Amino acid sequence: MADTTKLSLTARDPEGSRNARRLRRSGLVPGVIYGGGDAPTHFAVDARILRNTLAHSGAILEVSLDGATGAPVLVKDIQRHPVRGEAVHVDFLRVRMDQAIQTTVTVELVGADEAPGVVEGGVLSQETREITIEALPGDIPDSIKHDVSRLEMNATVTLEALTAPDGVTFVDDADTLIASIMPPTVEQVDDEIETETGLVGEGAEGAADSEEGSSEEPASEGDES
């Protein structure tokens, strides 16, 4: 097996959300292992150990359930608390180290501050942050890095420009837009304000004229000589 990080798990019964909340209050994170033709296995893991393990591991972990022999899994999904950001549930996918799988990895842009387009005041927008790859579990990278330090104004980067690491194949369309540098959008706020102010001023003058006209009373017939 490739060099992977080990993680010990404790089997648990799938007793629903109430049991999951009880586990979290005890400092544990519930999870499930699935795939590989076997039935799903539910587990609990110490939240602190899980956090430290994920911070120092790659995509593949070697997990041991109740002290059994370790088996490789792919970190498939991590559900996090919307405010605190801590893991509240994890999904692991059983894998074989000799069989290629498809998964998603993040795209990391480097050298953005040095890009001529950014130096000229352009805005770098990363349109795609994750791409699908195919590789053996041991060849799955933490991320795909791409150097944008030479990107000019109005330039775009598609998946075709990225370099796949050895043993990795990009699955997504080669024309997938990854990033672009465009001139900043100039909002004509001042002009709009001036236009609206002018219209309001004209309306006020018109209202004043109407009031002036209505205040002049017509001469009565008795006043005529």
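The values are calculated or read from the model by the stated rules, or taken from the named source; none is laboratory data. Since the structure is predicted, the reported quantities are computational estimates derived from the model, not experimental observations. Reconstructed Cβ throughout: ideal geometry from the backbone, glycine too, with neighbour counts over all protein chains shown. Heads up: the accessible areas ignore ligands, DNA and RNA and are worked out on the full protein's heavy atoms, side chains in. Shrake-Rupley method; radii C 1.70, N 1.55, O 1.52, S 1.80 Å.
The requirement of being modelled with pLDDT of 95 or more, under 29 Å from ALA59 (Cα atoms), open to solvent by 40 Å² or more (accessible area, probe 1.4 Å) and assigned to a helix (DSSP H, G or I) is not satisfied by GLU134.
Against the numbered list (1) surrounded by 13 or more Cβ atoms within 10 Å (Cβ to Cβ); (2) on the phi > 0 side of the Ramachandran plot; (3) of a type in the set (Asp, Glu), ASP66 comes up short only at (1). When you scan the stretch 105-128, do you find a residue that is among the hydroxyl-bearing types (Ser, Thr, Tyr) and modelled with pLDDT under 95, even just one? Taking every residue of the stretch 105-128 in turn, none turns out to be among the hydroxyl-bearing types (Ser, Thr, Tyr) and modelled with pLDDT under 95. Among residues of the stretch 72-104 being assigned to a loop (DSSP other than H, G, I, E, B) and among the β-branched types (Val, Ile, Thr), the one that is surrounded by the most Cβ atoms within 10 Å (Cβ to Cβ) is VAL95. Selection within the stretch 1-49: residues that are among the small types (Gly, Ala, Ser) and in a strand (DSSP E or B). The member of this set that is surrounded by the most Cβ atoms within 10 Å (Cβ to Cβ) is GLY31. When restricted to residues that are open to solvent by 80 Å² or more (accessible area, probe 1.4 Å) and either touching a residue at least 24 places away in the same chain (Cβ under 8 Å) or assigned to a strand (DSSP E or B) (or both), the stretch 114-131 contains 4.
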